[in-house]
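The values are calculated or read from the model by the stated rules, or taken from the named source; none is laboratory data. All of these numbers come straight from a predicted model, not from anything done at the bench. A quick note on method: Cβ atoms are made from the backbone with ideal geometry, for glycine too, and the neighbour counts reach across all protein chains shown.
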Amino acid sequence: MSRPSPLRPIAAKLALVAVLFAAVPAVVYQQFRVADEERTALLLDGVANQGRAIAEALRPILETGDPTAVTKVGDRMAALAGAQVELRLLFRPQEAAIDSFLLVAAVPPVQADSMQAERAFLIQSRLLETAWRSCDATEAIGRSVDGDSYDTRGVVAVTPVQSAAGCWALVTRLTASEALARTVSTPYWQRPEIVLALGLYLALAVVILLILFSVSRNLARFERLARSISMGREGDRRFAKLNEVPELTGVAQQFDAMVDRLRLSAASIRETAEESAHALKTPIGAIRQSLEPLRAVIPADDRRGRRAIEIIDQCCARLGQLVVEARRAIETAALMADPPNQVLDLGRVVSGLVEEMRGPSEAADVHLEAHVDPGVTVLGGDEAIETIVENLIDNAIGFSPPGGTVRVMVRAERRGAVLSVLDQGPGVAPDRVDRIFEKGYTSRPSPVAGTEPAVEENFGMGLWIVRRNVEAMNGTIRVENRATGGLGVEIVLPLAGPA
């Protein structure tokens, strides 16, 4: 038999799906972060290279320091600038302060009334600080800047050009559209399209997890109801009413139909067992009554005739006992299909049976004791519990020596209602302890042919029926040889509410 996969339970699948849904964003975030950084770096490099190329084209003019040539640098910059490129040419004399940059030329041109706003932007965006650092650098410095709106966001590169008079700084700015501005200036996880995708992903994850959780929860409710029905606790509740998942409606209805069929089958089995036992007892009784005239007319010295009558009488007794045992076995099968659900005071039932069994125990010279705690209630049926107790006491009396004691105890513990039957007999061989509850197994000696047995013949059905009845009531049974001698049988049944 192959080992079941640990992922078969829905709860395991639910946990796995939750882990996967939690892991995917982490993996995707890492990949998006690397891709965003690489794209931003490429964009910055592109703007820096463009600024470097324009600066190299302007270098001859800037290094000459010829005022006439410098006045024409704006026209040269306009010819070199692209459609989405803004250029600002700044000059800082030697030994000047950080805010001493002069705006020499701009593409597109800056109007006079906009000069103050342009200067404020350069300071606020820290471009003057970047230009200051670029004067001590040999390569262009690229970075992104934020303005007051998407229209003023972009990517800039500051390219230094050193001259004898001071430091020229060419600010190359790529004017960004709204989409490009978001790409450059907004963390990618804050962009609307990413936020929308994340929201859809989380909604999908929630829906899938809710579906799995709903199915798992519904199946758990089915399992609890099935357990309650098997214990006889829920006689009227239906799977269909308990169901909350429309797709499981058919399953719930089939479960209800199966329970109904089991209950009908159990009722039919009980009825058939009763009818069969009654039908068989009538001819057996007629046979035994018919033996009386024969016993009267057969002479005492007719040994063969007398022997035939004894054999017929013994066979009738055996058949009568077999009918009783068969009826009990059939009722036990019905009990497994439809367990009883009556709340019974186990102590009261056991005390009554002990009093009824005092006659057989005294006839066998065995002392019968009962130690019963009051108020110990279980779910079951009178007949099922009576069969259990009668068989256990009868078995204990049958194996107890003359003058021995059979002790019957009932108590309540955390694990349930405990019924114990202790005798002082020979016990059971260790290699046969597991077999005493098998159907048809008995360790009592068979009666000698031609002799009348002192007690009814044993067919090895009593303890088998005991175990089946206990299992039908969701209990457990355990036997062990007592250290002081004898056999101890312990039955644990689930506790019920007050009787």
Determine whether Ala417 is under 39 Å from the mean Cα position of the chain (by Cα), crowded, with 17+ Cβ neighbours inside 10 Å and at pLDDT 80 or above.
yes
Tell me which residues, restricted to the stretch 385-414, are surrounded by fewer than 21 Cβ atoms within 10 Å (Cβ to Cβ) and small (Gly, Ala, Ser).
Gly398, Gly403, Gly404, Ala412
Just checking, which of Gly425, Gly440, Gly381 is touching a helix residue (DSSP H, G or I) at 6+ places or on another chain (Cβ under 8 Å) and modelled with pLDDT under 75?
Gly440
Any residue at all in the stretch 57-74 that's modelled with pLDDT of 75 or more, among the basic types (Lys, Arg) and surrounded by fewer than 18 Cβ atoms within 10 Å (Cβ to Cβ)?
yes
When you go through Ile10, Ile54 one by one, which is the residue that is surrounded by 13 or more Cβ atoms within 10 Å (Cβ to Cβ) and modelled with pLDDT of 80 or more?
Ile54
Out of (1) modelled with pLDDT of 65 or more; (2) surrounded by 13 or more Cβ atoms within 10 Å (Cβ to Cβ); (3) closer than 24 Å to Val324 by Cβ, the one Leu495 does not meet is (3)
Return a yes/no flag: does the stretch 182-191 have any residue that is of a type in the set (A, V, I, L, M, F, W, C), more than 57 Å from the chain's Cα centre (by Cα) and modelled with pLDDT of 60 or more.
no
Residue within the stretch 21-43 that is of a type outside the set (Ser, Thr, Tyr) and not in a helix (DSSP H, G or I) present:
no
Considering only the stretch 74-88, I want to know if a residue exists there that is of a type in the set (Lys, Arg), in contact with a helix residue (DSSP H, G or I) (Cβ under 9 Å, 6 or more places away or on another chain) and assigned to a helix (DSSP H, G or I).
yes
